[in-house]
Amino acid sequence: LTMAKTTIRPLGENVLIQPMKPEKKTATGIYLPENATDERRQEGKVMALGTSKDITVKKGEKVIFKRYGSSEEIEIAGEPYILVNHKDILAVIEL
(Lines give C-alpha, C1' and ligand atoms only; values in the text may rest on other atoms or scores of the structure.)
Protein backbone atom coordinates (compact mmCIF):
# COMPACT_ATOMS: atom_id res chain seq x y z
CA LEU A 1 0.00 0.00 0.00
CA THR A 2 1.45 3.40 -0.93
CA MET A 3 0.09 6.59 0.63
CA ALA A 4 1.82 9.80 -0.45
CA LYS A 5 5.46 8.89 0.29
CA THR A 6 4.73 6.10 2.77
CA THR A 7 4.82 2.48 1.61
CA ILE A 8 3.70 -0.39 3.82
CA ARG A 9 4.76 -3.87 2.71
CA PRO A 10 3.72 -6.57 5.20
CA LEU A 11 6.29 -9.29 5.82
CA GLY A 12 5.87 -13.02 6.32
CA GLU A 13 2.35 -14.13 7.20
CA ASN A 14 0.99 -10.62 7.84
CA VAL A 15 -1.87 -8.94 5.98
CA LEU A 16 -2.65 -5.20 6.01
CA ILE A 17 -6.38 -4.53 6.43
CA GLN A 18 -8.29 -1.27 6.30
CA PRO A 19 -11.15 -1.67 8.78
CA MET A 20 -14.64 -0.83 7.55
CA LYS A 21 -16.19 2.30 9.00
CA PRO A 22 -18.83 1.58 11.66
CA GLU A 23 -22.44 2.04 10.62
CA LYS A 24 -24.07 5.19 11.97
CA LYS A 25 -27.54 3.79 11.33
CA THR A 26 -29.00 0.31 11.89
CA ALA A 27 -30.82 -1.64 9.18
CA THR A 28 -34.12 -0.58 10.74
CA GLY A 29 -33.21 3.13 10.51
CA ILE A 30 -32.17 3.83 14.10
CA TYR A 31 -29.25 6.27 14.34
CA LEU A 32 -26.47 5.21 16.71
CA PRO A 33 -24.55 7.63 18.94
CA GLU A 34 -20.79 7.97 18.37
CA ASN A 35 -19.84 6.00 21.50
CA ALA A 36 -22.03 3.04 20.46
CA THR A 37 -19.75 2.34 17.49
CA ASP A 38 -16.42 2.64 19.32
CA GLU A 39 -15.88 -1.10 19.58
CA ARG A 40 -13.26 -2.45 17.20
CA ARG A 41 -14.65 -3.66 13.90
CA GLN A 42 -14.10 -7.21 12.66
CA GLU A 43 -14.56 -6.47 8.96
CA GLY A 44 -12.19 -4.83 6.54
CA LYS A 45 -10.63 -4.68 3.10
CA VAL A 46 -7.31 -6.39 2.34
CA MET A 47 -4.88 -3.70 1.22
CA ALA A 48 -1.52 -5.54 1.07
CA LEU A 49 -0.18 -9.07 1.58
CA GLY A 50 2.94 -10.45 3.23
CA THR A 51 5.45 -12.68 1.49
CA SER A 52 4.22 -16.07 2.77
CA LYS A 53 2.85 -18.53 0.23
CA ASP A 54 0.35 -19.71 2.88
CA ILE A 55 -1.76 -16.53 2.59
CA THR A 56 -5.05 -17.45 0.90
CA VAL A 57 -6.78 -14.05 0.67
CA LYS A 58 -6.26 -11.59 -2.16
CA LYS A 59 -5.78 -7.85 -2.26
CA GLY A 60 -9.13 -6.05 -2.45
CA GLU A 61 -11.18 -8.80 -0.78
CA LYS A 62 -13.45 -7.94 2.15
CA VAL A 63 -12.75 -10.15 5.14
CA ILE A 64 -13.81 -10.90 8.70
CA PHE A 65 -10.93 -11.19 11.17
CA LYS A 66 -10.58 -11.98 14.85
CA ARG A 67 -11.43 -8.96 16.96
CA TYR A 68 -8.72 -9.58 19.53
CA GLY A 69 -6.25 -11.78 17.65
CA SER A 70 -2.58 -11.02 17.21
CA SER A 71 -2.74 -7.67 15.45
CA GLU A 72 -1.19 -4.23 15.41
CA GLU A 73 -3.19 -1.06 14.80
CA ILE A 74 -1.42 1.63 12.77
CA GLU A 75 -2.37 4.94 11.17
CA ILE A 76 -1.28 6.07 7.71
CA ALA A 77 -2.16 9.57 6.48
CA GLY A 78 -4.85 9.80 9.17
CA GLU A 79 -6.53 6.51 8.16
CA PRO A 80 -6.62 3.46 10.48
CA TYR A 81 -5.15 0.14 9.35
CA ILE A 82 -4.59 -3.17 11.08
CA LEU A 83 -1.75 -5.64 10.52
CA VAL A 84 -3.01 -9.17 11.23
CA ASN A 85 -1.58 -12.64 10.88
CA HIS A 86 -3.29 -14.42 7.98
CA LYS A 87 -4.38 -17.14 10.44
CA ASP A 88 -6.55 -14.53 12.22
CA ILE A 89 -8.65 -13.98 9.09
CA LEU A 90 -11.80 -16.01 9.58
CA ALA A 91 -13.73 -15.54 6.32
CA VAL A 92 -14.00 -13.73 3.01
CA ILE A 93 -17.19 -11.71 2.49
CA GLU A 94 -18.73 -12.52 -0.88
CA LEU A 95 -21.75 -10.54 -2.09
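The values are calculated or read from the model by the stated rules, or taken from the named source; none is laboratory data. Treat the numbers as computed from the prediction; the structure is a model and nothing was measured. Because the Cβ atoms are built from the backbone with ideal geometry, glycine has one as well, and the counts that use them run over all protein chains shown. Heads up: the accessible areas ignore ligands, DNA and RNA and are worked out on the full protein's heavy atoms, side chains in. Shrake-Rupley method; radii C 1.70, N 1.55, O 1.52, S 1.80 Å.
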Simple spin-label estimate for E79 and V92 in nanometres, 7 Å along Cα-Cβ: 2.2 nm
Positive minus negative residues near E61 (Lys, Arg vs Asp, Glu; Cβ under 14 Å): +2
Hz values of 3J(HN,Hα) by residue in the stretch 6-18 - Karplus curve (6.51, -1.76, 1.60), Gly and Pro given as x: 9, 10, 10, 10, x, 10, x, 8, 8, 10, 8, 10, 9
Nonlocal amide H pairs with E61, under 5 Å, H built at 1.01 Å: V46
Nearest-10 value in Å² for the accessible area of K45, using the 1.4 Å probe: 90 Å²
Full-extension gain in nm, T51 to S70, via 0.36 nm per residue minus C-alpha separation: 5.1 nm
